[in-house]
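> Pasting in a structure now, in structure tokens, and then I'll have a few things to ask.
The values are calculated or read from the model by the stated rules, or taken from the named source; none is laboratory data. The shown structure was predicted, so the numbers you read here are calculated from the model rather than taken from an experiment. No Cβ is skipped: glycine too gets one built from the backbone with ideal geometry, and neighbour counts run over all protein chains shown. To get the accessible areas, we keep the full protein, side chains included, count just its heavy atoms, and leave off ligands, DNA and RNA. Shrake-Rupley method; radii C 1.70, N 1.55, O 1.52, S 1.80 Å.
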Amino acid sequence: MSHNGGPIRVVIVENHQLVSESLGLLLDGEEDMEVVGAATSVSEAASLPRYLAPDVALMDFHLGDGTGHDAALAMRNLFPKVRFVFLSRDGSDSARLAAVEAGASAYLNKSSAASEVIDTVRKVAHGVSLISPGAIAQLLARGHDREVMRESLSGREREVLQLMADGIGTRKIAHELGISYSTVRTHVRAISAKLGTRSMVNAVVTARELELVN
């Protein structure tokens, strides 16, 4: 049983109907849980009735009209005591960081086993945070590094980097941007220096890790 003696009250915020219904059936099937409401968007999450008083909100990260971060902030006003479990396909640093900033107690990948989701909801309802302070510090540091790197690159360098990430060769980049081949080479050297990489391939890999390119 949950902290308040009754079943753990869960709200599901997920924009895929099938996933939402499956999660609802899964959690409702547990003796100590009750799914009390669902929302499919940030705006629906923000207008959930206060009387639902959920203990845990199970959140998708990407919603049609925003992110789980936006929805969590809106819900915190309605339900000051609710704890958040994020469930997403997006394992990127920026998604995790946004979840942490929204006060997530756990971040699960959508490929997790059903038993892990149930277990996580139960632990979080009892006040356990499954995101360690160390992991949070690391995410924040990486987020800071990313901002610094992003700001250090000029607009043109970012353009060149994106084209390289798209697999376009140096000569073609020169043609596409209407600049000389040697100017592209200069940009490439500057990008490598700023990202601290030795080769173009490494620069692209690093840029992907830092989410500087799509």
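> Non-local amide H neighbours of Phe86 (under 5 Å, H modeled in plane, Pro and chain starts lacking H): which ones?
Met59, Ser105, Ala106, Tyr107, Leu108
> From the phi angles alone, apply the Karplus equation (6.51, -1.76, 1.60; θ = phi - 60°) to region 100-114 and give each ³J(HN,Hα) in whole Hz, x where the residue is Gly or Pro.
Per residue, the Karplus-derived 3J(HN,Hα) values read 4, 5, 7, x, 4, 8, 7, 9, 10, 7, 5, 8, 4, 6, 3 Hz.
> Sticking with this one: Within region 160-214, what whole-number % of the accessible surface is contributed by carbon and sulfur, with the 1.4 Å probe and all protein chains included in the calculation?
Details: 1620 of 3150 Å².
Here it works out to 51 percent.
> For helix 68-78, report the angle its Cα long axis makes with the longest principal axis of the Cα atoms of the chain; keep it between 0 and 90° and round to the nearest 10°.
40 degrees
> Under 17 Å from the Cα of Lys81, which lysines turn up, not counting those fewer than eight places away in the same chain?
Lys123
> Another one. Give me the 1.4 Å probe accessible area per residue for region 75-133, excluding ligands and nucleic acids, in Å². It would help to have the intermediate numbers written out before the result.
Values: 2630 Å² over 59 residues.
Here the residues of region 75-133 average 45 Å² of exposed surface.
> Okay, helix-only estimate at 222 nm for the chain: each DSSP H run of n ≥ 4 adds -39500 (n - 2.57), divide by all residues, round to 500 deg cm²/dmol; what do you get?
On the way: 10 runs with 113 residues, N = 214.
Mean residue ellipticity, 222 nm, calculated: -16000 deg cm²/dmol.
> Further question on the same structure: Would you mind working out the accessible area per residue for region 1-56, using a 1.4 Å probe, and quoting it in Å²? Can you show the working numbers first?
Numbers: 2840 Å² over 56 residues.
Solvent-accessible surface per residue comes out at 51 Å².
> Right, next: With the Cα gyration tensor of the chain in hand, convert its eigenvalues to equivalent ellipsoid semi-axes via √(5λ) and list them largest first in whole Å. Walk me through the numbers on the way to the answer.
Numbers: eigenvalues 375, 54, 41 Å².
Three semi-axes, in Å: 43, 16, 14.
> Sort 110-121, 145-156 by packing, meaning the average of other beta carbons within 10 Å per residue, with the highest value first.
Working: 110-121: 14.7, 145-156: 12.8.
Ranking, from highest mean packing down: 110-121, 145-156.
> Rounded to the nearest 5, what % of DSSP beta bridges with both residues in the chain are antiparallel?
10 percent
> Would you mind pulling out the separation of the Cα centroids of region 163-182 and region 102-139, in Å?
Computed from Cα coordinates, the inter-centre distance equals 43 Å.
> Of all accessible surface on region 30-99 at a 1.4 Å probe, what whole percent is carbon and sulfur? Please list the in-between numbers first.
On the way: 1510 of 2980 Å².
C and S atoms contribute 51 percent here.
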